[in-house]
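Read the structure below first, then the notes.
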Amino acid sequence: MDIIRKNTPTREEMANNKYLAPIAHRFLSPELWRFTRRSVPRGVALGLFAAFIIPVGQIFLSAFLALPMRANVPLAALLTFVTNPFTLPFWLVVANRIGEFLLQFNVAGVSLPATSATDGSWDMLTTIYELGAATLLGGAVLALVAPLLGWVISGWVWRAVVARKRARRLRVMEARLDQRLGSD
C-alpha cells in the first residue's frame with residue numbers, strides 16, 4: 001500500500017486540475033482518499049471498469065464515478081492504467097478472442113447478396129464487421145468481468161494484509177509482555 005500512496009496524486013493535485021475544477025471541492029473530501037476495507041475494492045472495481053469501457057478519458061471517468069460511490073479515488077485513477085498505449089493492443093486482442101468465442105461467427109455461412117461486388121469488397125466489409133462486433137462484445141465483457149474479479153481479489157488481499165499486520169502487532173505485544181514478565 002505504501003507504493004500506491006507514494007505514486008498517486010495528492011488531493012490538492014487533483015483539486016488543482018483544470019478539468020476537475022468545477023467539482024474540485026468534492027475531491028477534497030478525506031473519505032475519498034482513505035484506504036479502507038470498503039473504499040479500496042470499490043476503487044479497484046471502478047478503475048477497471050473505466051479502463052475497459054472507454055479508450056480515452058478513463059482517469060476522469062473513474063474519478064467522477066468514485067465520488068458518488070465513495071470509492072478510493074487514487075486507486076480508481078491508478079487502475080485505469082491497465083489499458084495504456086502499450087497494453088491496449090494486447091487487450092484488444094483479448095477482447096476480440098472473447099467476442100469471437102461468444103459470437104461464434106461462421107464466415108462460410110455468410111451469404112453474399114446478388115449485387116455484391118466481385119472485387120472482394122463484401123468480404124472486406126464482412127471481416128471488418130466481424131472484427132468490430134467481436135472486439136466490442138469482448139470489451140463489454142471485460143468491462144463487466146474485470147471489475148467483479150478486481151473487487152473480489154482486492155477484498156481478499158485487503159483482508160490478508162490486515163490479518164498479517166494484526167498478527168505482527170500481536171507478536172510484538174507478546175514479546176513486550178514476555179520481556180516485562182521476565183524482568184520482574
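The values are calculated or read from the model by the stated rules, or taken from the named source; none is laboratory data. Note that the coordinates shown come from a computational prediction; the quantities given were computed from them, not determined experimentally. Cβ sites come from the backbone with ideal geometry, for glycine too, and all protein chains shown count toward neighbours. Keep in mind that these areas ignore ligands, DNA and RNA; they rest on the heavy atoms of the full protein, side chains included. Shrake-Rupley method; radii C 1.70, N 1.55, O 1.52, S 1.80 Å.
Search region 38-62 for residues that are open to solvent by less than 20 Å² (accessible area, probe 1.4 Å) and pair each with any residue that is not in a helix (DSSP H, G or I) when their beta-carbon atoms are under 7 Å apart and the residues are at least 6 apart or on different chains.
Ser39/Arg70; Ser39/Ala71; Ser39/Asn72; Val40/Asn72; Gly43/Ala71; Gly43/Asn72; Ala51/Thr83
Considering only residues of region 83-97 that are open to solvent by 40 Å² or more (accessible area, probe 1.4 Å) and touching a residue at least 40 places away in the same chain (Cβ under 8 Å), which is farthest from Trp33 (Cα to Cα)?
Filtering first and then ranking leaves Arg97.
Which of (1) closer than 27 Å to Gln104 by Cα; (2) surrounded by 12 or more Cβ atoms within 10 Å (Cβ to Cβ); (3) β-branched (Val, Ile, Thr) is the odd one out, the single condition Val152 does not satisfy?
(1)
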